[in-house]
Amino acid sequence: MQLTDKIYYVGVNDRTKHRFEGQWHLPQGVSYNSYLVVDEKVALIDTVEADFFLEFLDKLHAVLGDRKIDYLVINHMEPDHSGSISLLRKYYPDVKLVGNKKTFGMVEGFYGEPTADDVEVTDGSELSLGSTTLQFHLVPMLHWPETMVSYLKEDKVLFSGDVFGCFGALNGNIVDRDMDTESYLPEMERYYAAILGKYGAQVLAGLKKLAPLEIEMICSTHGPVWTEHISTIIELYRRLGAGETEEGIVVAYGSMYGNTQRVAEAIAEGAAEAGVRKIVVHNLSVSQPSYVLRDIFRYKGLAIGGPTYNGELFPVVNDMMERLCGRKVSNHVLAAFGGFSWAGQAVKILEKYNERMKMEMVDAPVEWKQGANPDVLESARELGRRLAAAVKA
Ligand SMILES: Cc1cc2nc3c(=O)[nH]c(=O)nc-3n(C[C@H](O)[C@H](O)[C@H](O)COP(=O)(O)O)c2cc1C
Ligand SMILES: [Fe+2]
Ligand SMILES: [Fe+2]
């Protein structure tokens, strides 16, 4: 698949993995994108997961025939992209690896590969391919320390690594203008929330650094190649990086016997009564964490609750709190709720978590003993109304 005069798509689709990084659900698969720039020199930008190497090799041969690959540019060392480095070097022994100082430490550590002949680049340095030039920009912690992006100056193409990546395999078409991108944009948010969500400050720093570049095409390592939606996805990243949210509420809960669920429903009803249109209720025993995280990143309000369970917070709710503490979500408004039957811990633990998350907390948490009776449900509706007011403020 030829993208421009000199750039070819040589990525693969993974439609069998259930969970990316062992945890994020992949109902529509994921692509590992790799690109060839064929000029006087041939540069390969990133590789694919090792399981897909044979398919990848066929794609390289289809474009290159017997031609050699001069450079392998390693924008990111996570094994979904670096996994084929060792095998690639067996088939292309003369390929020179291109990376920064941190990249090469990782190549050695992961693959035990010698890094003698390689091309070490620094921030802003360039590599001529003949009529075109690759320029490298280090974007540390997007989302690993060695992460960089590569810009093909003459063609105005940014090879952005995981930045602007999204879940969802590619269905024949590669470039956004040739396809219906509707399903990919929410998947870019889900990818962001799952994978980059801790690094909002670095996202903003990276966007600032890349702002002077004129970009006509963004080739990331997952999902479509972006041309006509570039401003949309940059704005999405800016908004997510800055922690900007929409007026809306996520009600997330876990429940064994339905009391917490009834309280969750009452909170949602209260918020609806107070005029919030966008309300998403997630049963954390059913909804996959990345979808919940995506919605929390999107909306300003979060009501979260669960029962006390063996003296702790119910596990799926506790898990979500841990995930939130590992992300940048402090611009939110929080409402907590939780029940118990003999010694309540759930609400206390939620409050403790918020010391780390630092969301603005709406008074007062709804805590109840045993059944969620009509008084409890009324205080839950009231909590929903108050959360709505804080979200609208
Ligand atoms: C397996 C299990 C463990 C529980 N552990 C505690 C506990 O340690 N302390 C407590 O006060 N209540 C405990 N409870 C009671 C629940 O927290 C309480 O009944 C709660 O309202 C249940 O909410 P639900 O109906 O949404 O599941 C436990 C209940 C179950 C089923
Ligand atoms: Fe990655
Ligand atoms: Fe990746």
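None of the figures in this text is laboratory data; all of them are computed from the coordinates on show. Here the structure is a predicted model, which is why all the values come from computation and not from measurement. With ideal geometry, Cβ positions are generated from the backbone for all residues, glycine too; neighbour counts draw on all protein chains shown.
If you fit an axis through the alpha-carbon atoms of helix 259-273 and take the longest principal axis of the Cα set of the chain, what angle between them do you get, 0 to 90°, nearest 10? Taking the Cα atoms of the chain, the angle to 259-273 is about 80 degrees.
Normalised Debye scattering of segment 247-392 at q = 0.14, 0.16, 0.20, 0.21 Å⁻¹ gives log10 I(q)/I(0) of -0.54, -0.72, -1.19, -1.33, counting only Cα atoms as equal scatterers and leaving out solvent.
Sorting V280, V42 by the number of Cβ atoms found within 10 Å of their own Cβ, with the fewest placed first, yields V280, V42. What the Cα atoms of segment 67-115 give is an Rg and a Dmax of 10.0, 30 Å. Kirkwood hydrodynamic radius of segment 1-138, from the reciprocal of the average inverse Cα-Cα distance over all distinct pairs: 15.5 Å.
Calculate how steeply helix 374-392 sits against the longest principal axis of the alpha-carbon atoms of the chain, using the helix alpha-carbon long axis, and give the answer as 0 to 90 degrees to the nearest 10. Orientation of helix 374-392: about 40 degrees from the principal axis. With one equal scatterer per alpha carbon and no solvent term, the Debye-computed log10 I(q)/I(0) for segment 103-183 at 0.15, 0.17 1/Å reads -0.75, -0.90. Count Lys and Arg as plus one, Asp and Glu as minus one, and take only other residues whose Cβ is under 12 Å from that of F52; the net charge is then -3. When the C-alpha to C-alpha distance is required to be over 26 Å, the pairs from K101/K198; K59/K101; K59/K198; K59/K156; K68/K153; K17/K352 that qualify are K59/K101; K59/K198; K17/K352. If one takes the longest principal axis of the Cα atoms in the chain, at what angle in degrees, from 0 to 90 and to the nearest 10, does the Cα axis of helix 289-298 lie? Helix 289-298 sits roughly 80 degrees off the main axis of the chain. In plain terms, the C-alpha convex hull of the chain casts an average shadow of 20.0 nm² when viewed from every direction.
When R67, R327 are ordered from fewest to most other Cβ atoms inside 10 Å of their Cβ, what list results?
Ranking R67, R327 by Cβ neighbours within 10 Å, fewest first, gives R67, R327.
Here the relative contact order of the chain, from alpha carbon pairs under 8 Å that lie six or more residues apart, stands at 12 percent. Electrostatic bookkeeping for L207 treats Lys and Arg as +1 and Asp and Glu as -1; over the other residues with beta carbon under 12 Å from its beta carbon, the sum is +3.
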